[in-house]
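Okay, structure first, notes after.
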Amino acid sequence: MINTALIAHDGKKSDMVSFVLNNKDILANMNLYATGTTGKKIEGEGFKVEKLLSGPMGGDAQIAAMIATGQIDMVIFLGILLISILTNLMYKCWLDCVMYTMYPWRPIQKLPFTC
């Protein structure tokens, strides 16, 4: 199974829930990981999700570590990336992990997601 991290800024959490619901058939065959609040909202829709700590309390660092150690195969991020990098170094940390460990050296199969 593909291990997938779901990350959403506060203003994008409802969009993440919509994304998950729109792609439930695909995501149902994945192991889902999310930071605290995002995980609770996704779990509230009936999905099994491994909830990590809240992002500011270390959840972003947990995801970055999982990416760096090869435990996460794919990251789905909904937010404003430039603002994220400028205001929170942990986003830069996991983004660097994604760029250096997942793309393009470990590409995964293309999945037919809908937004």
Next item on the list: Assess whether SER54 counts as being at pLDDT below 85, surrounded by 15 or more Cβ atoms within 10 Å (Cβ to Cβ) and not β-branched (Val, Ile, Thr).
Entry: no
Note to self: Against the definition (at pLDDT 85 or above, surrounded by 16 or more Cβ atoms within 10 Å (Cβ to Cβ) and within 19 Å of ASP15 (Cβ to Cβ)), how does GLY44 come out, yes or no?
What the structure shows: no
Notebook entry, point to check: Can you name the residue in the range 1-24 that is touching a residue at least 60 places away in the same chain (Cβ under 8 Å), among the hydrophobic types (A, V, I, L, M, F, W, C) and not in a helix (DSSP H, G or I) and, of all such residues, is farthest from ASP73 (Cα to Cα)?
Noted result: ALA8
Next item on the list: Would you check which residues across the range 5-41 are under 22 Å from GLY70 (Cβ atoms), crowded, with 19+ Cβ neighbours inside 10 Å and out of contact with any strand residue (DSSP E or B) (no Cβ under 6 Å at 6 or more places or on another chain) and list them?
Entry: LEU27, THR35
Note to self: Taking the condition of being polar (S, T, N, Q) and in contact with a helix residue (DSSP H, G or I) (Cβ under 9 Å, 6 or more places away or on another chain), how many residues in the range 12-53 meet it?
What the structure shows: 4
Check: Taking the range 25-59 as the region of interest, how many residues are within 19 Å of ILE2 (Cα to Cα), outside any loop (DSSP other than H, G, I, E, B) and charged (D, E, K, R)?
Finding: 4
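The values are calculated or read from the model by the stated rules, or taken from the named source; none is laboratory data. In this text, all values refer to a predicted model and were calculated from it rather than measured experimentally. Reconstructed Cβ throughout: ideal geometry from the backbone, glycine too, with neighbour counts over all protein chains shown.
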